[in-house]
Amino acid sequence: MPNKIAAHPPADCACVVGPGHKAVAVDPQLKLSNQKRLRRIEGQIRGLQKMVAEDRYCADIIVQIAAAQEALRGVARNLMKNHLHHCAAKALRSAKKSDSIAMYDELLGLIYTHLR
């Protein structure tokens, strides 16, 4: 269950360029790694669809679902690491207390909701 700590609006990404949020400090190797992982996950999902269509053994499907979930968690961990090193670090060090509080709340929300 997500924790409803955030009393402040979401933090603006410290990497904002123009309107909206856009990360500009993404390590090219990390980006490439995430793209490759997501393509493999896409293949895993297609395989799961085929397994269900073919009425494969439920336990086998569940094992493959767990593998796909873990692969997605791996991408999320990579993204969180990048976010902490760049966007969050800058906001947390900001002279504007509202920016650091908003980032702290954003990070807690991410942890409570997505990285369990």
**Request:** Pop out the carbon and sulfur fraction of the accessible area of region 20-83 as a percent, whole number, probe 1.4 Å.
**Result:** 58 percent
**Positive minus negative residues near Ala66 (Lys, Arg vs Asp, Glu; Cβ under 14 Å)** = -1
**Complete:** Residues whose built amide H sits under 5 Å from the amide H of Asp27, excluding neighbours closer than 5 in sequence, are none
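The values are calculated or read from the model by the stated rules, or taken from the named source; none is laboratory data. Since the model is a prediction, treat every value here as computed from it, not as a measurement. Virtual Cβ from ideal backbone geometry, glycine too; neighbours counted across all protein chains shown. Quick note on the areas: whole protein, heavy atoms, side chains included, nothing else; ligands and nucleic acids left out. Shrake-Rupley method; radii C 1.70, N 1.55, O 1.52, S 1.80 Å.
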